[in-house]
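A short write-up of the structure that comes next.
Read-outs: derived from the displayed coordinates by stated rules, not from any lab. Every value quoted in this text rests on a predicted model; they were computed, and no experiment measured them. Glycine also receives a Cβ, built like all others from the backbone with ideal geometry; neighbour counts cover every protein chain displayed.
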Amino acid sequence: MVRVLFREGAAAEVAADLISFDAGEAVFWRGEAEIARHALDRMGGVRLAAHRPDPADVMAGIRRHHPRAYERWDDAEDERLLQLDDEGRTAYEIAGVLGRQESAIRSRLLTLTAES
């Protein structure tokens with residue numbers, strides 16, 4: 001999202017992810033589609049909006065690499081975690097086996113060893 005600032009004080013919100021320039025105009029694009037054009041001599045500037053990714057997209061990205069990320073731990077998984085730790089496996093190796101993030105492995109081990 002960009003905010004186009006015009007010299008006369010007006011502004012326009014444009015849901016663009018790319019800006020190109022053509023014959024004295026700023027051309028605003030969303031994906032492959034042209035969505036707006038504004039004459040450069042009327043424009044005073046462009047302000048980029050802060051990008052806030054969709055939380056669902058963030059979670060999907062994490063789960064592509066760690067399928068069990070942020071899911072509840074069950075007793076069988078806790079037992080497997082402790083077994084792998086007892087075998088001397090690293091947090092990285094255990095994360096790969098259990099489909100979780102390394103930080104989750106370390107955190108869960110701290111929790112389980114504090115309980116015993």
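To make sure I understand, if each residue's beta carbon is the centre and we count other beta carbons within 10 Å, what order do Arg80, Arg47 fall in, fewest to most?
Values: Arg80 14, Arg47 11.
So the ranking, lowest neighbour count to highest, is Arg47, Arg80.
Sort Phe28, Phe6 so the one with the fewest other Cβ atoms within 10 Å of its own Cβ comes first.
Details: Phe28 22, Phe6 14.
Final ranking by Cβ density, sparse to dense: Phe6, Phe28.
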Relative pair counts by distance (%), Cα atoms of the stretch 32-116, 5 Å bins: 3, 11, 18, 15, 10, 7, 6, 6, 5, 5, 6, 4, 3, 1, 0
Net length gained if the chain between Glu25 and Trp73 were fully extended (0.36 nm per residue, minus Cα distance): 11.7 nm
Size of charge dipole - the chain - debye, nearest 20, with Cβ of Lys, Arg +1 and Asp, Glu -1, no other charges: 540 debye
For Ile35, distant residues with modelled amide H under 5 Å away: Phe28, Trp29, Arg30
